[in-house]
Amino acid sequence: MIGFADNHVHLGDVRQGDFDFPEKMLNLFADMGVTDLNLLAYMPFSNIVQNLDVLYWKSAFKRSKIRAFGSFHEADIYKDIPYEEQLEKLLSLGFDGIKFIQMKPDRIKFLGRTLADESYDAALSRMEELGTPAIIHSGDPSYFWDYERMPKSFIDRGWYYGDRGYMSPSEIYGENFKMLKKHPKLNVVFAHLFFLSEDIDEARRVLLEYPNVKYDLAPGWQMFLDFTTDIDRWRDFFIEFSDRILFGTDASDGKSVNRELNEDVMSALTHDRTDFVSFKYYGHLADEGEIRIKGLELPSEVVDKICYKNYVDFVGEPKDVNMSLLRFEAEKMLEDIKDDEKNKNSVEWLSELLKRI
């Protein structure tokens, strides 16, 4: 391959000004031959500084070519700024696209709306006009609505949606399709294969009906188990839509298994169609203590598209970071939150950032 791109990488919460964790993760990926990666801000439900965190590493790390996707403020002191204004600010700072997690079930419940709401229309229309790429986390695996199938560790995280007023999967898909019909030119990747690995016919229908939609392969291990149940048909799907699928790992600087994630997703693409042990670190979620999947055994030209070409086509060349505007925003935010005890870690992080830029 002429390049190797990971479309789906996160930064966790800032740690009192500690810049070591992100750098270690980025160096690990560079050592593994990842030439390009997409750093995604995880707001609106992470720390207030995460957009600036992502943008800093885009500017500071030189061993890989980094694109940065920002997120809208939804749950902090800037939440009332209209989304179209937030979009223009993010693009002016040098972000390459927008990450949306607003379609995850617990986020929908918290916000009381979805991306189909009219409050997002102006921003989404502007993104259509500019060709600005979007990555959307929508829904979750279907078993998150089935208590008997849920791993206890996931229940403990609050990811069981079968009660307490969460939208159903079909309702969430309906909201996505409503949004896509309003914004048909949106350049969008739905993360985690749009959580359609249990329904190959629907996964195929969506791509045929919405020509600007793409998927990424950030795991969930369950997705690769689903492929294994009908590996030949899924292999045909990957070949048919080889221009619409992107490599991704869902790595983050808070995980200790980023190397394994990268190797497992690549193995799923390239291993032959026989069983092998994969996703070993998820073994506690499988009755047999390990997860065995089949590889898709894809042709090398298809792997090249999924692992590099499709990513570059999706995101384009990275924009330059506007360092003076980054400093201005950091100084303003520091002033805005300096007396807020709950943002103590963010205050310390901003103080360190301003020493570095």
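Quick notes on this one:
- Filtered by the rule that a residue be part of a helix (DSSP H, G or I), under 21 Å from Phe279 (Cβ atoms) and not hydroxyl-bearing (Ser, Thr, Tyr), region 208-231 gives Trp221, Gln222, Met223, Phe224, Leu225, Asp226, Phe227, Ile231.
- All positions within region 212-239 that are of a type in the set (D, E, K, R) and touching a residue at least 24 places away in the same chain (Cβ under 8 Å): Lys214, Asp216, Asp226, Asp230, Asp232, Arg233, Arg235
- With respect to (1) over 15 Å from Asp253 (Cα atoms); (2) assigned to a loop (DSSP other than H, G, I, E, B); (3) open to solvent by 10 Å² or more (accessible area, probe 1.4 Å), the lone exception for Glu88 is condition (2).
- Residue match in region 61-69 (condition: under 17 Å from the mean Cα position of the chain (by Cα), within 24 Å of Lys338 (Cβ to Cβ) and crowded, with 24+ Cβ neighbours inside 10 Å): no
- Close contacts from region 101-130, counting a first residue that is assigned to a helix (DSSP H, G or I) and of a type in the set (Phe, Trp, Tyr) and a second that is at pLDDT 95 or above and buried (at least 16 other Cβ atoms within 10 Å of the Cβ), with Cβ to Cβ under 8 Å and a gap of 6+ residues or different chains, come to Tyr120/Tyr83; Tyr120/Met179.
- Arg205 vs. criteria touching a residue at least 12 places away in the same chain (Cβ under 8 Å), charged (D, E, K, R), surrounded by fewer than 21 Cβ atoms within 10 Å (Cβ to Cβ) and not in a loop (DSSP other than H, G, I, E, B): no
This table checks each residue for (1) farther than 27 Å from Gly174 by Cα; (2) modelled with pLDDT under 95; (3) of a type in the set (Lys, Arg).
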| residue | (1), (2), (3) |
| --- | --- |
| Arg205 | no, no, yes |
| Gly220 | no, yes, no |
| Phe227 | no, no, no |
| Trp234 | no, no, no |
| Phe238 | no, no, no |
| Thr249 | no, no, no |
| Gly254 | yes, yes, no |
| Asn258 | yes, yes, no |
| Leu261 | yes, yes, no |
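- Residues being farther than 18 Å from Thr228 by Cα and at pLDDT below 95 are entirely absent from region 296-304.
- Comparison of Ile155, Ile135 shows that the only residue that is outside any loop (DSSP other than H, G, I, E, B) and over 21 Å from the mean Cα position of the chain (by Cα) is Ile155.
- Members of region 1-51 that are exposed (fewer than 15 other Cβ atoms within 10 Å of the Cβ), modelled with pLDDT under 95 and assigned to a loop (DSSP other than H, G, I, E, B): Met1, Ile2, Gln16
- Odd one out for Phe110, checked against (1) open to solvent by 70 Å² or more (accessible area, probe 1.4 Å); (2) at pLDDT 95 or above: (2)
- When residues of region 145-200 are limited to those that are among the polar types (S, T, N, Q) and within 19 Å of Phe110 (Cβ to Cβ), the one most open to solvent (accessible area, probe 1.4 Å): Ser168
- Residue tally, condition open to solvent by 20 Å² or more (accessible area, probe 1.4 Å) and either in a strand (DSSP E or B) or under 22 Å from Val189 (Cβ atoms) (or both), over region 91-100: 1
The values are calculated or read from the model by the stated rules, or taken from the named source; none is laboratory data. On a predicted model such as this, the values are computed, not experimentally measured, just so you know. Glycine gets a Cβ as well: all are built from the backbone with ideal geometry, and neighbour counts include every protein chain shown. Note: accessible area is taken over every heavy atom of the protein model, side chains too, but ligands, DNA and RNA are not part of it. Shrake-Rupley method; radii C 1.70, N 1.55, O 1.52, S 1.80 Å.
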